[in-house]
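The block underneath contains the structure these notes are about, expressed in structure tokens.
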């Protein structure tokens, strides 16, 4: 039996993903009329299949599917879709509360291990089954009404549904107990294929527009089960690539925030981000967030392996610098880059720090290298003067600066080695009591470190 993956309405409080079979879909109205739009996006489907039923309900509330598909046709490289949430840790546990009657418990466990494995093979994610303790992901086989807004309907109807991360019932995956579950043949519904798809949802992925993707809306019982390039790009956008290379070489040891000098620091949307090598630490309201440090590529696709400097301008765009290039992002969406810093009139590369500087009504940024800095006119998109100024003008600062950022109170903070200085941009002087330890004040490290 071939089945279609689809959404059955979208209750605003539950945000669930459902699997429906063809017979059920034939009875429903195609409200989005995707005959033309989906056919162009998933062009590999043959004409007979497209005349059959397919998902006519939007995958996301308040989304114009036709516009999304047109954009996807223009941006062929990114067809995966995200719900917006993800797990803030990489070690996840799961618990199976009930099993289907057609398969042994050992077989079901083996199937779920394999289904989770297709995602853990390409990410830092690791999954572990627990039996009695609390788990992040709860897997259950239910019948009809089972405690949420979307009941199952017996054999041949809704197959399963899952909840996205950071929603009301995140981590829950429900399968219809009354389906004829099987593995590796076409006499029933293949549990491995459905589980891999649902686990993609519970990790944060929506349906893909790529016809060969595990996250494609159309169920497939093809073997062996494997992710498409689109699936891999989607899940790595959320969680990054594996931490170990395919040659089994261990990556360099994760930097210790208590003992490292950082490459760059910047405020982004009111949160503080510290960068070192390929990693980023995220601090909100003075607290390091769970799941960090994490790979910088988890947030910014197309990001360089490391950065030299970063800052957020007044419009909320984030500027990243590395070597002789720079990138500009709007949140996690790349606007431009890599582009040469020479376009900005900057006569040097490998800058050490970038700092937004509010000078009256004129928006500026300062670019630092060694004991010199340049003033950048943001609105004019050029360096004010190619001849550098000396950091001696900024009394009390160290001779070499590793990173800098403007905090929410308007003070400039400069980092050098393991210490930082807080600077008053009006009085042009370092505040009393500085320098202080970065690790102690930002990462709650021991004073003895």
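The values are calculated or read from the model by the stated rules, or taken from the named source; none is laboratory data. Source: prediction; values computed, not measured. So basically every Cβ, Gly included, is an ideal-geometry build from the backbone, and we count neighbours across all protein chains shown.
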Would you tally the residues in region 387-422 being surrounded by 14 or more Cβ atoms within 10 Å (Cβ to Cβ) and in contact with a helix residue (DSSP H, G or I) (Cβ under 8 Å, 6 or more places away or on another chain)?
-> 6
Sole miss for residue 326 among (1) modelled with pLDDT under 90; (2) within 26 Å of the chain's Cα centre (by Cα); (3) under 21 Å from residue 406 (Cβ atoms) is condition (1)
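The rows are residues; the columns are (1) within 28 Å of residue 290 (Cβ to Cβ); (2) in contact with a helix residue (DSSP H, G or I) (Cβ under 8 Å, 6 or more places away or on another chain); (3) surrounded by 21 or more Cβ atoms within 10 Å (Cβ to Cβ).
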site: 86; (1), (2), (3): yes, yes, no
site: 92; (1), (2), (3): yes, no, no
site: 106; (1), (2), (3): no, no, no
site: 110; (1), (2), (3): no, no, no
site: 131; (1), (2), (3): yes, no, no
site: 143; (1), (2), (3): no, no, no
site: 167; (1), (2), (3): yes, no, no
site: 175; (1), (2), (3): no, yes, yes
Only one of 313, 251, 256 is surrounded by fewer than 19 Cβ atoms within 10 Å (Cβ to Cβ) and modelled with pLDDT under 85, namely 251
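Residues checked against (1) loosely packed, with under 15 Cβ neighbours inside 10 Å; (2) at pLDDT 90 or above:
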{"residue": "245", "(1), (2)": "yes, no"}
{"residue": "263", "(1), (2)": "no, yes"}
{"residue": "272", "(1), (2)": "no, yes"}
{"residue": "285", "(1), (2)": "yes, no"}
{"residue": "290", "(1), (2)": "yes, no"}
{"residue": "297", "(1), (2)": "no, no"}
{"residue": "337", "(1), (2)": "no, no"}
{"residue": "348", "(1), (2)": "no, no"}
Picking from 389, 408, which residue would you name as being touching a strand residue (DSSP E or B) at 6+ places or on another chain (Cβ under 6 Å) and under 25 Å from residue 261 (Cα atoms)?
-> 389
For region 316-330, enumerate the residues that are assigned to a strand (DSSP E or B) and surrounded by fewer than 21 Cβ atoms within 10 Å (Cβ to Cβ).
-> 317, 325, 328, 330
Looking at residue 194, is it part of a helix (DSSP H, G or I) and either out of contact with any strand residue (DSSP E or B) (no Cβ under 9 Å at 6 or more places or on another chain) or modelled with pLDDT of 80 or more (or both)?
-> yes
Please determine, by comparing only the residues of region 350-365 that are modelled with pLDDT of 85 or more and surrounded by fewer than 19 Cβ atoms within 10 Å (Cβ to Cβ), which one is farthest from residue 427 (Cα to Cα).
-> 350
Evaluation of residue 127 against (1) part of a strand (DSSP E or B); (2) more than 24 Å from residue 294 (Cβ to Cβ) (one fails), failing number = (2)
Looking only at region 401-427, which residues are over 18 Å from residue 283 (Cα atoms) and modelled with pLDDT of 85 or more?
-> 401, 402, 416, 417, 421, 423, 424
Single unsatisfied condition, residue 385 versus (1) closer than 21 Å to residue 276 by Cβ; (2) part of a loop (DSSP other than H, G, I, E, B) = (1)
Of these, 400, 375, which one is over 33 Å from the mean Cα position of the chain (by Cα) and not in a loop (DSSP other than H, G, I, E, B)?
-> 375
